[in-house]
Amino acid sequence: MYKNKSILKQLLDLYIFGNIHVAIAVFCLTKLTLFEVGISDNTAPLFVFFATIFSYNVIRFLRVGDIKSWFNLWFKENKIFLYGITFIATFFLVYFVFKIHFKALLVMFPFMMFTLLYTFPIKNFSLREKSGLKLFLIAISWAGITVLFPLKQNYIQISPEDWLTFLHRFLFIFAITIPFDIRDLNYDAISMNTLPQRYGVVKSKQLAILAMFFSLILEFFKKPHQLNGAFLITIISVAMILFSGENRNKYYTSFFIESLPIIWFVIFMFFN
């Protein structure tokens, strides 16, 4: 019985820390965007799925010296798996990139640059050194990649309603990323000036809940007939934000908070 639990835990760790879980979350958000406009295409969602695994793992390989001690040990023990899954993701990423339209890639470019400049300094310039930017860069990048990119890939002219979707997505990602900053409160360098460092845990949670509230209002103006699903994911997200903390188990954020886009996708499918 103990061995079975150990194997299950190992598989869960590979799933989460191999960045498969976060890739599925990004896939679900991209599918949500397309479903809302009546498109069932999988090219853009699969492209961002494999791109997420590739980019997250490559960044992890290159910044291995900066990661937490417990993760550093896990990383060293599972390098073969991580290299293997990254190779597979690279293979499919190359396959799908030839199916992506040039204008769609142009939409992706600024968000890719945000990630690049945040992760690696270029000529001594790094967005990481600009205090307080981390949360906003994550939110705007995810919003752009999961809203603007799939629409452009499917030749859809970006409308005012689509920009509302972009803003709604930004607020949602902004809110559910705050628990990650709260979790890392004891590890992040003071120079990063994250919201929990600047305003404390309680006020950061209040800001996250406020962002969720405004995202719900946007959903009302955008698609009032879909408010049941939006209300449900808002309640679930707010509850999980409230229960987040700097001393929470690492799986709380890495698995449960990261599952919120997947839960949102399931709720959307149920109500539609």
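The values are calculated or read from the model by the stated rules, or taken from the named source; none is laboratory data. Since the model is a prediction, treat every value here as computed from it, not as a measurement. Positions of Cβ are generated from backbone atoms using ideal geometry, with glycine treated the same way; all protein chains shown enter the neighbour counts.
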Checklist outcome for this item: Flagged in segment 234-272 as part of a helix (DSSP H, G or I) and touching a Pro at 6+ places or on another chain (Cβ under 9 Å), in numbering order, are 240, 241, 252, 253, 257
Next on the checklist: Go through segment 179-219 and report how many residues are outside any helix (DSSP H, G or I) and of a type outside the set (Val, Ile, Thr).
Outcome noted: 5
Item to check | Flag if residue 173 is buried (at least 22 other Cβ atoms within 10 Å of the Cβ), at pLDDT 95 or above and at negative phi | outcome: yes
Checklist entry - Are there any pairs with C-beta distances below 8 angstrom linking a residue in segment 132-148 that is among the hydroxyl-bearing types (Ser, Thr, Tyr) to a residue that is assigned to a helix (DSSP H, G or I) and at pLDDT 90 or above, with the two at least 6 apart or on different chains, and if so which? => result 146/26; 146/29; 146/30; 146/32; 146/33; 146/48; 146/169
Next on the checklist: Can you pull out every residue in segment 194-220 that is closer than 18 Å to residue 271 by Cβ, out of contact with any Phe, Trp or Tyr (no Cβ under 8 Å at 6 or more places or on another chain) and either surrounded by fewer than 17 Cβ atoms within 10 Å (Cβ to Cβ) or not hydrophobic (A, V, I, L, M, F, W, C) (or both)?
Outcome noted: 219, 220
Item to check | Residue ID - modelled with the lowest pLDDT, chosen from residues in segment 221-230 that are exposed (fewer than 14 other Cβ atoms within 10 Å of the Cβ) and closer than 18 Å to residue 166 by Cα | outcome: 224
Next on the checklist: For segment 27-42, check the following and say yes or no: at least one residue is in a helix (DSSP H, G or I), surrounded by fewer than 16 Cβ atoms within 10 Å (Cβ to Cβ) and either hydroxyl-bearing (Ser, Thr, Tyr) or touching a Gly at 6+ places or on another chain (Cβ under 6 Å) (or both).
Outcome noted: no
Checklist entry - In segment 101-167, which helices (runs of 4 or more DSSP H) lie fully inside it and hold 1 or more residues that are modelled with pLDDT of 90 or more, out of contact with any Gly (no Cβ under 8 Å at 6 or more places or on another chain) and closer than 15 Å to residue 26 by Cα? => result 134-143, 149-153
Item to check | residue 234, sole failed condition from (1) of a type outside the set (Lys, Arg); (2) over 17 Å from residue 135 (Cα atoms); (3) surrounded by fewer than 16 Cβ atoms within 10 Å (Cβ to Cβ) | outcome: (3)
Checklist entry - Out of segment 8-33, which residues are among the basic types (Lys, Arg) and either at pLDDT 95 or above or touching a Ser or Thr at 6+ places or on another chain (Cβ under 8 Å) (or both)? => result 31
Checklist entry - What about residue 47, is it touching a Leu at 6+ places or on another chain (Cβ under 8 Å), within 19 Å of residue 156 (Cβ to Cβ) and either modelled with pLDDT under 95 or surrounded by 12 or more Cβ atoms within 10 Å (Cβ to Cβ) (or both)? => result yes
Checklist entry - When you look at residue 5, is it at pLDDT 85 or above, basic (Lys, Arg) and either over 19 Å from the mean Cα position of the chain (by Cα) or more than 18 Å from residue 253 (Cα to Cα) (or both), yes or no? => result no
Next on the checklist: Under 7 Å between Cβ atoms, which residue pairs at least 6 apart in sequence (or on different chains) link something in segment 53-82 that is at pLDDT below 80 with a partner that is loosely packed, with under 12 Cβ neighbours inside 10 Å?
Outcome noted: 68/187
